[in-house]
Amino acid sequence: MKKIDLSKDQLQKVILSLLGFAALIYVYFTFFLGPLDRSAASMKASINDLQTKVAASKSEITKEAQLEREAGSATARFAELRSHTPEGAPIAWFPPRMRTFFASHEIDKATARLESSEDYKNPALEKWTRYHWSIELPGAGYNELGKAIADLENAEPLFAVSEVKIHTLPDDPRNQVVDLRVTTTLAKR
Amino acid sequence: MALHLNLLHEEIQEQRQRQRDPLKLGLIALGAIGALFFLYYMWQGYRVLQVKNQLSVAEAEWAKVEPKVTSAQKRATDLSGTINTTRILDDKIHARVYWGPILERIARCVAPNTQIVSLDGMVDAKNAVAISLEGVAAGAEPRSVAEDLRQMLFEQLGKHYPDVSVEFKSLEDLDTQVSIGGSNVPTARYFLKISFQAGTPATADAAAAPRLEKAP
C-alpha cells in the first residue's frame, strides 16, 4: 500500500476540508432538507387525515340518506303524537277539552284538575312531560262512562287511566259519581 | 541514450504541489457535493410543492363536503332522537291498560239480580290491575248469586288476562229484602277483590312491548 506523505500544512488543509464537509452536511440536513421533509410529512399527514374525513363523511351522508328513508314512518308518527298537544299551557286547554269530550258522551259537568306534573328521566323524552290529572264526573251512566273511556283511550294515544272510582248515587242508582285519575304525556311547547 | 537535464525541476515540483493542494481539492469536492445537494434539494422542493398542491385539493374537497356532512350529522342525530322517542312513546302506548274493555267485561258479568254499588280500580307501575267491587246480590240464595258473579268474573276476565284472581273480601246477609219479579227475596252484600296482570309495562329500553287490545 502506498503511503501518503503529507506535510504539516497539507494535513491542516485536509482537516480543514473535512471540517468544511461536515459543516456542509450538517447545515444541509438541519436547515434545508430537514424542514422540507418535515413539511412534506406534515402535509402528507394532513392529506391522509382529510381524505379519511372525506371518505367518512361520504359514508355519513349515505347513512343519513338511508336513515331519512327509514325514518319516514317514525317522523310521521312523531308528528302525529306531537299534534295531540295543542299550543298553550295544558292547564288551560285540558280541562275544557275533557268537559267537551264527556259532554259529547252525555256526561255533563266533568271537571278536570291538574294534580302534578313531572319530567321524564329518560333523555329521549326530555321534550315531553307527564301530567297527572283528576277527572270528576258527578253523574254518569255506567254504559256511557265505559263508552266514553274507551273512545278517549282510542282517540288519545298518550292518555292512560291509572285509577277508576265509580260509586252509585243512593238516590239515583242509574247514575254514578266517577273519579278518574289519568296520566297524559304531552310535548313541551 | 541521450542525457536529459531537467533545469526546471523545482518549478515543476511546485506546480505539482499546487495541483495536489488538499485545500483546493477539498474545495472542489465540496463544491461538487454542494451542487449535488442543491439539485437534490430542488428535486425535493418540487416534490413538496406537488404535495402542497395535493393538500390544497384535499382541503378544497373537504371545504366542499364539510357543511354537507355537518348538516347530515345534525339531521341524523335529530332523526335518531325522533325514532328513539317515537319507539319509547309507542311502547308506552302499547303497554297501557285499556279500561274500556275491563268495564265492559265486568258489566257483562253482572246479572239482573245483582247490583254493583261501587267499583274502585287502579293499575300499578307493573300493569297489575286491582279492583274492589262492592255490591248487593238478591235471590232465594243471595250468597249463591254473589258466588255466581265471582265465578263469572273469574271466567270472563281469565279469558283475556293472565294471573286473574277474584276473591270475596266479605260476604254477609242483609236484613233488607228486595222485590224481583213480584216476589220479595233476601239480599247479601259482597266485597270482591279482583286482580290480574294487564300486559307488560313499558320500559325505556323495551324493544317491543306486546300490544294490548284496543278499547272497543
**Message:** Just the residues that are surrounded by 14 or more Cβ atoms within 10 Å (Cβ to Cβ) and small (G, A, S), please, taken from the range B:46-67.
**Reply:** B:A58
**Request:** For the range A:102-129, name all the residues that are in a loop (DSSP other than H, G, I, E, B) and of a type outside the set (V, I, T).
**Result:** A:S104, A:H105, A:E106, A:D108, A:K109, A:A110, A:Y120, A:K121, A:N122, A:E126, A:K127
**Asked** Here are some conditions: (1) assigned to a helix (DSSP H, G or I); (2) facing chain A (nearest Cβ under 7 Å); (3) not aliphatic (A, V, I, L, M). B:S118 meets all but one. Which one does it not meet?
**Response** (1)
**Request:** May I ask you to verify whether A:Y120 is closer than 22 Å to B:I83 by Cα, under 31 Å from the mean Cα position of the chain (by Cα) and aromatic (F, W, Y)?
**Result:** yes
**Prompt:** Quick one: which of B:Q177, B:Q156 is of a type in the set (S, T, N, Q), surrounded by 12 or more Cβ atoms within 10 Å (Cβ to Cβ) and closer than 16 Å to B:C109 by Cβ?
**Reply:** B:Q156
**Request:** Determine, yes or no, whether A:H132 is in a strand (DSSP E or B), surrounded by 14 or more Cβ atoms within 10 Å (Cβ to Cβ) and modelled with pLDDT of 90 or more.
**Result:** yes
**Request:** Being assigned to a helix (DSSP H, G or I) and surrounded by fewer than 14 Cβ atoms within 10 Å (Cβ to Cβ) is the filter here, so list the residues in the range B:19-28 that pass it.
**Result:** B:Q19, B:K24, B:I28
**Prompt:** Residue check: is B:K193 in a strand (DSSP E or B) and at pLDDT 95 or above?
**Reply:** yes
**Item:** Filter result for B:A125 (more than 8 Å from chain A (Cβ to nearest Cβ), under 28 Å from the mean Cα position of the chain (by Cα) and not in a helix (DSSP H, G or I))
**Value:** yes
**Prompt:** Condition test on B:D163, is it in contact (Cβ under 8 Å) with a residue 12 or more places away in the chain, of a type in the set (D, E, K, R), part of a loop (DSSP other than H, G, I, E, B) and within 25 Å of A:S162 (Cα to Cα)?
**Reply:** yes
**Message:** One residue is enough: does the range B:70-91 have a residue meeting the conditions touching a residue at least 12 places away in the same chain (Cβ under 8 Å) and either under 31 Å from the mean Cα position of the chain (by Cα) or more than 20 Å from A:N48 (Cα to Cα) (or both)?
**Reply:** yes
**Request:** For the range B:128-143, name all the residues that are part of a strand (DSSP E or B) and among the small types (G, A, S).
**Result:** B:A128, B:A130, B:S132, B:G135, B:A137, B:A138
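The values are calculated or read from the model by the stated rules, or taken from the named source; none is laboratory data. Model, not experiment: these values are computed from the prediction. Positions of Cβ are backbone-derived with ideal geometry, glycine not excepted, and every protein chain shown enters the neighbour counts.
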